[in-house]
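Only the coordinates and a few stated rules stand behind these numbers; no lab work does. On a predicted model such as this, the values are computed, not experimentally measured, just so you know. Virtual Cβ from ideal backbone geometry, glycine too; neighbours counted across all protein chains shown.
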Amino acid sequence: ITVTGSAETKTKNQIASFTAGVSATKDKKEDAVSEVNGKMEEIVKALKGFGIKTEDIKTQNNSIYQMQESYYDNGVQKYRPGQWSVNNSVEIILREVDRASALADLLAKSGANNVYGPNFMMDQTTSFEAALVAEAIVDARKKAEVMAASSGAKLGEVVTVVEGGGAASIYSMMKGLGAGGGGPDAVVEPGISTVSKTVTVTFSLD
């Protein structure tokens, strides 16, 4: 007999992710690269000063390309190399969600011209998921016992267990993120996540 069991729990989101990027468009590639690199270095320095560890700052995107500009030659539209566009961004993991407002404010006042976040989520390294799997197996056994009894059989040993399911995060919204300047920190609420585990268990019948 094969049945599905499940278990879930609700808990406060434990980490927040941000993305901060810098883009520049210049006639010379070297000028665009220099501007972006300089600003990104300052942003990373500020993040480390805020307390973000090196392993929680990861390059997300880095691109350098020359745009094409159109022009007309005797009424015919043609294209030629134009300005250079350079983009660089990093993903930031904040493990102290109570400081999300302060980090959002820091990024808003930094040299970044592309800022996204925070996105709140569960820390996948947490240990309670093993307990949820055990609860899901218990739930599956209860269902199987009812089905076995209704067919006049006795539930036997577990033959196979297949795990599935995961965490469904509820992200909160952020208010007050500006492009810079003074004013209070952005208002954020970390919210909660519902973490669920599902197992499919096959039992033998005696």
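Table for the structure above
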quantity	calculated
Local electrostatic count, THR2, Cβ distance below 15 Å [Lys/Arg +1, Asp/Glu -1]	-1
Within straight-line cross-link reach of LYS53, lysines at Cα separation under 29 Å, skipping those fewer than 8 residues along the same chain	LYS10, LYS12, LYS39, LYS45, LYS109, LYS175
Cα gyration tensor shape of the stretch 74-159, rounded if a/c is under 1.5, else prolate or oblate by comparing a/b with b/c	oblate
On Cα atoms only, tilt of 100-109 relative to the major axis of the chain in degrees	20
Separation of the GLN60 and VAL76 label points, Cα + 7 Å toward Cβ, nm	4.4
Candidates GLN60, GLN77, GLN14, ranked by Gaussian network fluctuation over the chain, Cα under 10 Å, top entry	GLN77
Whichever aspartates and glutamates have a C-alpha closer than 13 Å to that of LYS26, once near sequence neighbours (fewer than 8 apart) are set aside	GLU35
Alpha-carbon spread of the stretch 1-155, three principal axes, descending order, Å	90, 48, 21
Summed side-chain charge close to VAL133 - residues other than VAL133 whose Cβ falls under 15 Å, Lys, Arg +1, Asp, Glu -1	-3
Among PHE120, PHE50, PHE18, residue whose mean-square fluctuation peaks in a GNM of the chain (springs only between Cα atoms under 10 Å)	PHE50
Descending semi-axes in whole angstrom, ellipsoid equivalent of the stretch 1-56, from the Cα gyration tensor	44, 17, 9
The chain: angle of helix 128-150 to the longest principal axis, Cα-based, in degrees nearest 10	40
